[in-house]
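J.: Below: one structure in structure tokens.
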Amino acid sequence: MLEDAIYYPSRGDDALMTILIGGVLTILSFLLIPIFFVFGYFLRVLEQTVEGDDQPPVFDDWGSLGVQGLLAFVVTFVYYLIPVLAFALLGGLGAVTGSRGGAAAGLIVAALVSGVLFIALTYVYPAALTNFARTGSVEKAFAIGEISDVVTSGDYFMAWLVGFVIFVGGFIVVGILSIIPILGTIAGLFVNFYIQVAAYRVFGNAFREALESSSTNVSSL
């Protein structure tokens with residue numbers, strides 16, 4: 001699983017060009033619009049992986065890529081807005097008590113609840129995005145019932161851990177590169193794109209395997 005993910009972005013004749021384009025778009029993500037195309041590419045990685053394609057996608061059909069990426073960005077925003085709203089609501093309720101003790105208790109509860117929500121949504125989010133990618137429907141990103149069998153499977157749990165390891169390892173490399181002024185930071189952004197593609201490859205494979213296991217179990221009943 002880990003080896004497949006690490007080498008996945010470098011497969012194919014167009015791999016170098018794809019990584020270069022993805023890195024440049026990542027560098028320009030402060031302009032906001034380029035990040036939509038990066039999100040669109042991640043969706044394609046998920047979609048093609050679930051379909052069983054072992055080759056990474058390329059950057060083409062830019063109109064569709066941008067629109068799908070914008071929708072993926074919105075899905076991401078909504079998912080991570082939930083713990084922020086929970087913190088604001090619970091913290092606000094503590095503040096309106098008018099006492100320091102009530103405000104402090106409210107902040108503690110708000111931090112605990114929002115923290116649990118953040119972890120839970122971070123766990124579910126890759127499966128939700130994959131469900132969107134494979135169906136093309138934004139609504140499917142929030143169809144928790146449809147992905148419950150996936151997120152509760154051992155395949156998905158292990159994949160999430162592997163993806164987490166990839167992210168952490170990649171960010172360590174990015175952090176080391178950033179010590180080098182300018183060039184190191186730029187190189188780190190290319191690495192960042194590469195590791196995210198690798199991680200999404202893991203999530204897509206896990207989703208596909210969980211679906212196959214679920215179908216096998218149903219057919220055997």
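The values are calculated or read from the model by the stated rules, or taken from the named source; none is laboratory data. The model shown is predicted, which means the values in this text are computed figures rather than measured ones. Don't worry about glycine lacking a Cβ; one is built from the backbone with ideal geometry, like all the others, and counts go over all protein chains shown. What goes into the accessible areas is simple: the full protein's heavy atoms, side chains included, and nothing from ligands, DNA or RNA. Shrake-Rupley method; radii C 1.70, N 1.55, O 1.52, S 1.80 Å.
J.: Give the accessible area for residue 2 in Å² (nearest 10); use a 1.4 Å probe, count only protein heavy atoms, and leave out ligands, DNA and RNA.
T.: Per-residue accessible area (residue 2): approximately 90 Å².
J.: In addition: By average Cβ neighbour count within 10 Å, what is the ranking of 40-52, 166-178 from highest down?
T.: On the way: 40-52: 21.7, 166-178: 15.0.
Sorting 40-52, 166-178 by mean packing, highest first, produces 40-52, 166-178.
J.: Let me know the whole percent of all Cα-Cα pairs from region 75-195 that are separated by more than 26 Å.
T.: 44 percent
J.: If you don't mind, there's one more thing I want to ask. Given an 8 Å cut-off on Cα distances and at least 6 residues of separation, report the relative contact order of region 142-221 as a percent.
T.: The normalised contact order for region 142-221 reaches 39 percent.
J.: Over the chain, what is the relative contact order in percent, taking alpha-carbon pairs closer than 8 angstrom and at least six residues apart?
T.: 27 percent
J.: A further question follows. What percentages make up the Cα-Cα pair-distance distribution of region 140-221 when the bins are 10 Å wide from 0?
T.: 18, 35, 24, 16, 7, 2, 0
J.: Where q = 0.13, 0.14 Å⁻¹, what log10 of I(q)/I(0) comes from the Debye formula for region 113-163, counting one point per Cα?
T.: Reported log10 I(q)/I(0), two decimals: -0.30, -0.35.
J.: Full-extension gain between residue 11 and residue 144, please, as 0.36 nm times their residue separation minus the C-alpha to C-alpha distance.
T.: Result: 44.6 nm gained on full extension.
J.: Kirkwood hydrodynamic radius, computed over distinct alpha-carbon pairs, for the chain: how many Å, to one decimal? Show your work: numbers first, answer last.
T.: On the way: mean 1/r = 0.0532 Å⁻¹.
In the chain this quantity evaluates to 18.8 Å.
J.: Leaving out ligands, DNA and RNA, and with a 1.4 Å probe, what % of the accessible surface on the chain is carbon or sulfur?
T.: About 73 percent, which is the carbon plus sulfur part of the accessible surface.
J.: Hull surface divided by four, with the convex hull built on the Cα atoms of region 1-77: how many nm²?
T.: Mean projected area for region 1-77: 5.4 nm², to one decimal.
J.: Alpha carbon centre of region 98-153 versus region 186-212: separation in Å?
T.: Distance between centres, Cα-based: 20 Å.
J.: On to the next question. Report Rg/Rh for region 1-130, rounded to two decimals, where Rg is the Cα radius of gyration and Rh the Kirkwood radius.
T.: 1.15
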